[in-house]
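Have a look at the structure below, then the notes.
The values are calculated or read from the model by the stated rules, or taken from the named source; none is laboratory data. Predicted model only: the values in this text are computed from it and were never measured. Neighbour counts are summed over all protein chains in view; Cβ atoms, including those assigned to glycine, are modelled from backbone coordinates with ideal geometry. The protein model used for the area step is the full one, side chains on, heavy atoms only, and it has no ligands, DNA or RNA in it. Shrake-Rupley method; radii C 1.70, N 1.55, O 1.52, S 1.80 Å.
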Amino acid sequence: MKRAIISIVGLLFILGVAGAGGVLFIFHEFGRGLPDYHQLADYEPPVMTRVYAGDGRLLAEYAVERRVFVPIRAMPKRVINAFLSAEDKNFYAHPGIDVFGVVRAAVTNFRNMGSDRRPVGASTITQQVAKNFLLTNEVSWERKVKEAILAFRIERAFSKQRILELYLNEIYLGSGSYGVAAAALNYFNKSLDQLSIAEAAYLAATPKAPNNYHPTRHPAAARARRDWVISRMLEDGAITEDEAMHARSEPLIVRPRADTELVTAEFFAEEVRRDLAKRYGEDGLYKGGLAVRTTLDSRLQDLADTMLREGLEAYDRRHGWRGPLARLPAGADWRTALAGLPPVAGLGRWERAVVLGVDEAGADLGLADGSSGHIPLAEMKWARPWKEGQHIGPSVRRPADVLAVGDVVAAEAVLANSEGKAYPAATYALRQIPDVEGGLVALDPHTGRVLAMSGGYAYAESQYNRATQALRQPGSAFKPFVYLAALDAGYTPSTLILDAPFVIDQGPGLPKWRPANYSQEFYGPSTMRLGIEKSRNLMTVRLAQTIGMDKVKEYAERFGVVDNLQPQIAMALGAGETTLLRMTSAYAMIVNGGKRVIPTLIDRIQDRNGQTVYRHDGRECPGCRATFWTQQPMPEVPDNRPSVTSEATAYQMVSMLQGVVERGTGRIVREVGRPLAGKTGTTNDSNDAWFMGFSPDLAVGVYIGFDQPKSLGDREQGSSAAAPIFRDFMAEALKGQPAVPFRIPPGIRLVRVEASSGQLAQPGDRNVILEAFKPDSQPASRSDVVDGVGASDGGPATGTGGLY
């Protein structure tokens, strides 16, 4: 008996030694060549970059994996407890592998053999970290061995808190969510500290199979799995019985992010994305976890999008009906055929409909949802047939002149006619997606912060940004920079310039260049102010010829209109190509007193750790960082903006451009009833239409034109196509704000002059205005007339230039 016991003990000892040796062999064999787990010490998971509007609302997110990194110290206890109960209740006790858990899983799986039950796993959180970060998802015993070895090593190298932090920020939880913070936002539209016990339990229920427990596609399975986690939390003492009962009774509801928290500004956001990619590369943009605060004003952006769309639609309707979107074959089931058509980009708030019948009163419609509608004749009267050259055909007398059965059209629900008389229910108006395009930019003239940017009719239709990418001739919108150069050279708004025929010999083999006014008339000696207000080409050319095109070139480049203007006389009429953003910032430098500003869409960029890595306003202001007010004086922020012209010259130009709105080509803007100034611009053949302008604290530019340049129409100008958009935008942007006059700098004298002659006003003069003069520059009794003859030659007059 004694010998038998000794034999058994000896056998067990031998088996133990052999087992230990086997384990050591396995660890040695499979432990070689494993990934370096020390890299986890410096691991920074790919985190999405989030872009915010100026008011803090979310504008855009850029990510390869939608992850928001949250340090473990900032994780709520209930979220941590939920995951520990669901995934690894012995996490703080085991050395990387839960031996008791492995045994329990083995016994459970043995009992369930032959049944339909899914095998139970026993991977610890540390093992999952090893698999997710260092290994593949291969299903094999070799990978499990490597996973166990790495788990032991990771436990020895890192604290439990670091391991848990890596796990909770890396794990995939479905719906494109990496990490618990992103999942909380995507499923419940909440931050982690706002989650209820039931919501935290659901997140902890998803790691095993996110798709199988999706709350919308598999609600019963999702709720059952959530309730199982709640039971585990109760069993582990993480919650009380009452909390568990309340959590189980809570419905599992997915809450998408509220629309009020999101800002739509596609053209603006894409411009920011390109800027970030240029600064930090694609990896920095999509994986760097940047927090970007932009300059966007949400209210102004909504106005910019709305006013530009409405302005383009108004222009498009003036130029007729180009036909239906499509035509369904006769005899086809219209519901099926309509549903089978490809989507139409740019429809926006409109609906796609098919014409089912036409009579003398209007057209009957079938809509995509199967309902019906009606377009009365009055709502298609605008649809005169389009003709080449933006001309229109005869007036619409009956619906059949416009529509036929089977036509697929865009329609908009309307409640009343133009006179305010109510329509019956399901009444629609005929609509058409414009083929003309445009852009609108609004910026703070004192800082260059871009407050709104709309680069086209519909981003879904075309991502080409007409505010920043379209190089176009500004036409007469360029003229203020010619006049600014003259004002700095000693001329005044009352200086007389000859308005008469002007011819330049362009050289051998080239025709003579004969610029003309839009009216094709000549007005003789006229004041510089009148030349701007009425947009006189001949006066501008003579003035540029007098001061020299090198001076005009200098001012165009100084104000950032172009980088390298060719010193040719046609450039004085706006023949040099530029962008809407550059023109708007140039006008901003006029109204801000002649200070250079650099347009920017970004205020501040912070890295994933909250450190500021970029700030647009680079001025030092220590006093601005005080947390509390303790009777300290108001900090003084230095103004280090370089001057591009004097304050006095800038104000003289502001005053002249205010005259454009009050008496000149921009009179339509006067309807706003606020102090506004600006300039129209139209190029040869009316290919491009502009209106550039400002209030004392807001600079706005509008451009209208075709992507493939062609005429907007014989009668279209900056005053008809672009100025109404500027007017409508400013009317809404300034609504509710006090009327602020333009600021007059020291040294400027306002003198009463007779407007047409520029001479000091005399008793009995009726056409009297207040003119802005620098000291000792008010007009004498007799003034010389600038005629441009004998002045420096500006070179060949190549280019088309602006007209009016």
Given the criteria farther than 17 Å from ALA265 by Cα and touching a Gly at 6+ places or on another chain (Cβ under 9 Å), does PRO424 qualify?
no
For the stretch 662-699, give me each residue that is part of a helix (DSSP H, G or I) and not aliphatic (A, V, I, L, M).
GLU662, ARG663, ARG667, ARG670, GLU671, ASN684, ASP685, SER686
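Yes or no, residue by residue, for (1) modelled with pLDDT of 95 or more; (2) at positive phi; (3) part of a helix (DSSP H, G or I); (4) within 38 Å of the chain's Cα centre (by Cα):
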site: PRO480; (1), (2), (3), (4): yes, no, yes, yes
site: PRO493; (1), (2), (3), (4): yes, no, no, no
site: PRO501; (1), (2), (3), (4): no, no, no, no
site: GLY509; (1), (2), (3), (4): no, yes, no, no
site: LEU530; (1), (2), (3), (4): yes, no, yes, no
Could you pull out the residue among THR645, THR665, THR683, THR649 that is under 24 Å from THR540 (Cα atoms), of a type outside the set (Asp, Glu) and modelled with pLDDT under 95?
THR683
Which of the residues spanning the stretch 444-478 are under 30 Å from MET539 (Cβ atoms) and not in a loop (DSSP other than H, G, I, E, B)?
ARG472, GLY475, SER476, ALA477, PHE478
Can you pull out the residues in the stretch 176-213 that are on the phi > 0 side of the Ramachandran plot and either buried (at least 18 other Cβ atoms within 10 Å of the Cβ) or over 35 Å from the mean Cα position of the chain (by Cα) (or both)?
GLY179
Does the stretch 382-405 contain any residue that is more than 30 Å from LEU712 (Cβ to Cβ) and open to solvent by 80 Å² or more (accessible area, probe 1.4 Å)?
yes
Index of the failed condition, GLU310 passing every other in (1) surrounded by fewer than 18 Cβ atoms within 10 Å (Cβ to Cβ); (2) part of a helix (DSSP H, G or I); (3) out of contact with any Asp or Glu (no Cβ under 8 Å at 6 or more places or on another chain); (4) not hydroxyl-bearing (Ser, Thr, Tyr):
(3)
Out of all the residues in the stretch 333-373, which are surrounded by 15 or more Cβ atoms within 10 Å (Cβ to Cβ) and part of a helix (DSSP H, G or I)?
TRP334, ALA337, LEU338
Name the residue, out of GLY659, GLY713, that is of a type outside the set (A, V, I, L, M, F, W, C), touching an Asp or Glu at 6+ places or on another chain (Cβ under 7 Å) and not in a strand (DSSP E or B).
GLY659
Among the residues of the stretch 620-656, which ones are assigned to a loop (DSSP other than H, G, I, E, B) and touching a strand residue (DSSP E or B) at 6+ places or on another chain (Cβ under 6 Å)?
ARG641
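Results for (1) hydrophobic (A, V, I, L, M, F, W, C); (2) open to solvent by 20 Å² or more (accessible area, probe 1.4 Å); (3) under 24 Å from ARG309 (Cα atoms), shown as yes or no for each residue.
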| residue | (1), (2), (3) |
| --- | --- |
| ILE375 | yes, no, yes |
| LEU415 | yes, yes, yes |
| ARG431 | no, yes, yes |
| ASP435 | no, yes, yes |
Might you let me know whether the stretch 538-547 holds any residue that is out of contact with any Phe, Trp or Tyr (no Cβ under 9 Å at 6 or more places or on another chain), touching a residue at least 40 places away in the same chain (Cβ under 8 Å), surrounded by fewer than 19 Cβ atoms within 10 Å (Cβ to Cβ) and farther than 21 Å from GLY666 by Cβ?
no
Checking the conditions here, which among ASP333, ASP302 is closer than 20 Å to ASP407 by Cα, of a type in the set (Asp, Glu) and without any contact (Cβ under 8 Å) to a residue 60 or more places away in the chain?
ASP333
Checking ALA425, ALA429 in turn, the sole residue that is in contact with a helix residue (DSSP H, G or I) (Cβ under 8 Å, 6 or more places away or on another chain) and either assigned to a strand (DSSP E or B) or of a type outside the set (Asp, Glu) (or both) turns out to be ALA429
VAL613 vs. criteria aliphatic (A, V, I, L, M) and more than 27 Å from the chain's Cα centre (by Cα)
no
Test ALA368 against the criterion of being among the small types (Gly, Ala, Ser), under 22 Å from THR427 (Cβ atoms) and modelled with pLDDT of 95 or more, and give yes or no.
no
Is there a residue in the stretch 472-488 that is more than 22 Å from SER646 (Cβ to Cβ) and surrounded by fewer than 24 Cβ atoms within 10 Å (Cβ to Cβ)?
yes
Within the stretch 587-610, does at least one residue satisfy the condition of being assigned to a helix (DSSP H, G or I), out of contact with any helix residue (DSSP H, G or I) (no Cβ under 8 Å at 6 or more places or on another chain) and buried (at least 18 other Cβ atoms within 10 Å of the Cβ)?
yes
So which residues in the stretch 236-264 are at pLDDT 90 or above, within 20 Å of PHE188 (Cα to Cα), surrounded by 12 or more Cβ atoms within 10 Å (Cβ to Cβ) and out of contact with any Phe, Trp or Tyr (no Cβ under 9 Å at 6 or more places or on another chain)?
GLU243, ALA244, HIS246, ALA247, ARG248, GLU250
Can you pull out the residues in the stretch 658-694 that are closer than 26 Å to LYS710 by Cβ and out of contact with any strand residue (DSSP E or B) (no Cβ under 8 Å at 6 or more places or on another chain)?
ILE668, ASP685, SER686
Pick out the one residue from ASP607, ASP603, ASP617 that is in contact (Cβ under 8 Å) with a residue 24 or more places away in the chain, over 24 Å from TYR491 (Cβ atoms), among the charged types (D, E, K, R) and touching a Leu at 6+ places or on another chain (Cβ under 9 Å).
ASP607
